[in-house]
Amino acid sequence: MTTIGVDAPGAADSWEDKDRYVPPPEATRPPKKGFVPPWRNPWRRPYVLATVTWGYILWSLVPVLIAVQFSFNDSRSRSSWNGFTFEWYCCGTKPGSIAEGSSVFGSGADDALLLALQNSLTLGVITTLIAVPIGTALALGLTRWRSRTSNVANAVSLFPLVTPELVLGSALYLVISTLYTQIGLGRNALILGHVTFSISFILVIVRGRLVSIGSEFETAAQDLGATRMQAIRTVLLPMLIPAIFASAMITFAASLDDFVVSNFLFGDASQITVPVLLYSAVKAAPSPNLNALATILLMGTMGALLLTYLVLRLRRRGEGGSALDDLAGIEM
Amino acid sequence: MAVTEAATEGRKDAATRFLWPSLAVPGTAWLVALFVVPFYGIMAVAFSSQLNILGQPIPAWNPLKWDFTVMGNVIDQSINGTYRSAWEHTFIYTAMAMAVCVLVGYPVAYYVARLARGNRGLLLALILAPWWINYLTRMLAWVGILGDEGYANDIVGFFGFTKVDWLGGQWYVVVIALVYGYLPFFIVPLYAYLDRIDQSMIEASRDLGANTIRTFFRVTLPLSRIGLITAMVITALPMFGDYYTNTLVSNSPTTVMVGNSIEKSIQSGFSRGQGASLVLMLSAVLLIFMAYYLILTVRASREAR
């Protein structure tokens, strides 16, 4: 997942519905005089654009639904439908079962699939635990510390966002296999790589929030007798929690989703992650158990997303605006 | 009493003076060690002249010992030789995919940001959804559909045409797969910019007599220029460095892109030097885009401050 860094301070304000186009009430519309061709009628419904939009949405999501469908295929084919079975998910125990020795869970499972799932989840959790504190501290430091050095640090910290993963992946691969040899390819290399690309977008998310908060609240707290540390701890950090929480969820999702960096750094099959496994298996001998694995991953991500949405909505209660806009804003 | 309080406060301020820099230190150090140094490592490998026993280049960490033979060779091969077709494919496919992204992505972003009313939340959720679906999963879906017995050939067969070997190295499949992969990342940033355009600007244009088309080209498009460029850069950067999309839907030498050459040579060991040189060339091309993008974002954040 590529996450993008457009600084959009104060964007939350302008995304409220106050600027939205509201059609003028019936009475103020010009009286209809005979036939008005659609291109001369600014109040016509945007049928063409609506069609394009819904067409795009169908095109972008239906293939994924088809992939989910084929995780239930009662055949080894990933493209020709042959009826429903649940065996690719669990328990291809019976000899002669379509998924013998290759379902995701249960006895008769293909251990490589479960291992990849475990590896991906562990990696995601560790990456989040390391990257979020570092990224948040970096955001605080770089936003409030104004000097020439901080400007350089600022520029350096934005570069990973715009560097293609291929460049980052091959650079880390080369440096780990020649200079940082004691790290070695595998779990440690994966953690280092994932944290590296996560720090920058945590920085962007948290800093966006910091800029929109401004420094008034801290100053007020200090005027009321709090020390600077107290002001940060009791005033600033609580206000930052939604941004920190959101960046944690995004870090986790991005780690789960990452393919390029992982593919360079995973080392041997014992550390393989789900995307890397999907990639290598599609090239070798694909069967619907890949679809089942991908579907499980999809459910996991959707669960995390739903959780984020609900938490954001809980926090937004009474503040107006929608949590969905918050999510869209986060990805900026 | 008051004096001691002021003194403690002064001491605490001194203690917190280094607070912000020290908060920034771990992150900066991490990025230096694992982003700046590795990038320098690419140069050290690309400009190395010595090979180890395995025939792999030994990185030349000292810039005074840099040797540009391999790099020169790779540039030669890129202009007139083995890497030429890879570069051509990269530029042509990316340009075509980008054109489709603009033609489809702009209307979608515009509709969701400015025209959709009742179901805007739903549309936004559906447009954000692909962001959260694993890229490999989405590509895997297409590999299934485009397989010999897949739905695509069912449709083709239904209209009475002969089956198409979609996954056998067709350039248009690669382009469509790239569009499919990256269009969501194009639409969302553009949506954010279009959403911020003040409706009164558009109404003013209408009031002053411009029709819908004129309003679009004279008002909406210029106001969304930065958003459009940002979206294009954001989409172009990963497309240039993409190799897995190509491998999954084609895996044929007839559609090879620079990313494929890089992946193959970096991991092979023998041609690491060539791979590193290609990464440097790719980075040089992308640096133009990146610099532009960074200037744009910095300028935008400064204006907002």
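The values are calculated or read from the model by the stated rules, or taken from the named source; none is laboratory data. These numbers come from a predicted model, not from an experiment. Reconstructed Cβ throughout: ideal geometry from the backbone, glycine too, with neighbour counts over all protein chains shown.
The residue of segment B:82-140 that is nearest to the other protein chains (Cβ to nearest Cβ), among those that are farther than 20 Å from B:A192 by Cβ and of a type in the set (S, T, Y), is B:T137.
Beta carbons closer than 6 Å, at least 6 apart along the sequence or on distinct chains, never pair a first residue in segment A:211-240 that is within 21 Å of A:L312 (Cβ to Cβ) and within 12 Å of chain B (Cβ to nearest Cβ) with a second that is basic (K, R) and exposed (fewer than 12 other Cβ atoms within 10 Å of the Cβ).
A count restricted to segment A:125-167 and to residues that are over 28 Å from A:R228 (Cβ atoms) and more than 12 Å from chain B (Cβ to nearest Cβ) stands at 4.
Selection over segment B:254-274 of residues that are touching a residue at least 40 places away in the same chain (Cβ under 8 Å) and part of a helix (DSSP H, G or I) gives a count of 9.
Every condition in (1) of a type outside the set (S, T, Y); (2) part of a helix (DSSP H, G or I); (3) touching a residue at least 12 places away in the same chain (Cβ under 8 Å) is met by B:L103 except one, and the failing one is (3). When we screen B:Y40, B:Y93 for residues that are under 24 Å from the mean Cα position of the chain (by Cα) and touching a residue at least 40 places away in the same chain (Cβ under 8 Å), the only hit is B:Y93. Under the condition of being without any contact (Cβ under 8 Å) to a residue 12 or more places away in the chain and either closer than 15 Å to B:G181 by Cα or assigned to a helix (DSSP H, G or I) (or both), the residues counted in segment B:112-122 number 4.
Among the residues of segment A:257-282, those identified as over 17 Å from B:G181 (Cβ atoms) and within 8 Å of chain B (Cβ to nearest Cβ) are A:F264, A:V274.
Scanning segment B:232-276 for residues that are within 23 Å of A:L174 (Cβ to Cβ) and small (G, A, S) yields B:G241, B:G259, B:S261, B:S265, B:S268, B:G269, B:S271, B:G273, B:G275, B:A276.
Note on segment B:259-277: residues that are of a type outside the set (S, T, N, Q), closer than 17 Å to A:E165 by Cβ and more than 9 Å from chain A (Cβ to nearest Cβ) total 1. Among the residues making up segment B:217-246, none is in a loop (DSSP other than H, G, I, E, B), modelled with pLDDT of 90 or more and more than 9 Å from every other protein chain (Cβ to nearest Cβ).
No other residue among B:M43, B:M96 is closer than 25 Å to B:M232 by Cα and surrounded by 13 or more Cβ atoms within 10 Å (Cβ to Cβ) apart from B:M96.
Could you say whether any residue in segment A:309-332 is of a type in the set (V, I, T), at pLDDT 75 or above and under 30 Å from B:L228 (Cβ atoms)? There is no residue in segment A:309-332 that is of a type in the set (V, I, T), at pLDDT 75 or above and under 30 Å from B:L228 (Cβ atoms). The set of residues in segment B:232-258 being closer than 14 Å to B:V175 by Cβ, of a type in the set (V, I, T) and within 9 Å of the chain's Cα centre (by Cα) consists of B:T235 alone. Taking A:T181, is it under 30 Å from A:N119 (Cα atoms), free of Cβ contacts under 8 Å to residues at least 60 places away in the same chain, of a type in the set (V, I, T) and away from chain B (no Cβ under 11 Å)? Answer is yes for this residue.
B:S271 meets all of the listed conditions (1) hydroxyl-bearing (S, T, Y); (2) surrounded by fewer than 22 Cβ atoms within 10 Å (Cβ to Cβ); (3) touching a Gly at 6+ places or on another chain (Cβ under 8 Å) but one, namely (3). Suppose the filter is charged (D, E, K, R), within 11 Å of chain A (Cβ to nearest Cβ) and assigned to a helix (DSSP H, G or I); does B:R299 pass it? Here the answer is yes, as B:R299 does meet what is asked.
Among the residues of segment B:164-176, not a single one is closer than 19 Å to A:Y56 by Cβ and among the small types (G, A, S). Tell me yes or no: at least one residue of segment A:201-215 is over 21 Å from the mean Cα position of the chain (by Cα), polar (S, T, N, Q), modelled with pLDDT of 85 or more and assigned to a helix (DSSP H, G or I). No, segment A:201-215 has no match at all.
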